[in-house]
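Asks: Handing you a structure now.
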Amino acid sequence: MEFNWDKKWSVGIDKIDHQHKELFDRINKLVSAMREGKGKDEVIETLSFLEEYVIKHFNDEEEMQRKSNYPKYDIQHKQHEEFKEELRELRKVFEKAGVSALFVINVQQKMSSWWRKHIRELDRDLGGFLIESSK
């Protein structure tokens, strides 16, 4: 299952949308590398990139939230921390057991759930709030 960018994922803030598109692309590369049985180094490299990029992306989002006094900052921050922990756990599982069909399915499910719950709900709310507060 590939994660394709679509307008339904847009939050209406260019910087956030661009970063989300990059995350979609990198997660697709991770899933492809695992499915194709690419080397452990390539999978680890992609996981490392994701972990670093997610931190940058979340920091950028949270800075926007603080500057605009976004009322759901605490909820966003909590979910961001939970997602970072999920990525760390995925890395631990991968380093211990390697790639399996179950691991690939688990990654896809976690990412799909994140897109649905966080981006389509909270981030879209944030985008609406930022657009409205800039008027």
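Just so you know, all these numbers are worked out from the coordinates, no wet-lab data involved. If you're wondering where the values come from, they're calculated on a predicted model, not measured in any experiment. All Cβ positions, glycine included, derive from the backbone under ideal geometry; neighbour counts span all protein chains shown.
Asks: How do ILE55, ILE27 rank when sorted from fewest to most other Cβ atoms within 10 Å of their own Cβ?
Replies: In order of increasing Cβ crowding within 10 Å: ILE55, ILE27.
Asks: When N counts the residues of the chain, how does its alpha-carbon radius of gyration compare numerically with 2.2 N^0.38 Å, as a ratio?
Replies: Compactness ratio reported: 1.09.
Asks: I've got another one for you. Using a 10 angstrom Cβ neighbour count of at most 11 plus a DSSP loop assignment to flag exposed GluC sites (Glu not before Pro), which longest range of the chain is free of such sites?
Replies: Counting only loop sites that pass the neighbour cut-off, the longest clear stretch is 37-135.
Asks: Measure nothing but the geometry: give the 0 to 90° angle between the long axis through the Cα atoms of 101-114 and the longest principal axis through the Cα atoms of the chain, rounded to 10°.
Replies: For helix 101-114, the angle is close to 0 degrees.
Asks: Which of the three applies to segment 6-60, rounded, prolate or oblate, going by the alpha-carbon gyration tensor with a ≥ b ≥ c and a/c under 1.5 meaning rounded?
Replies: oblate
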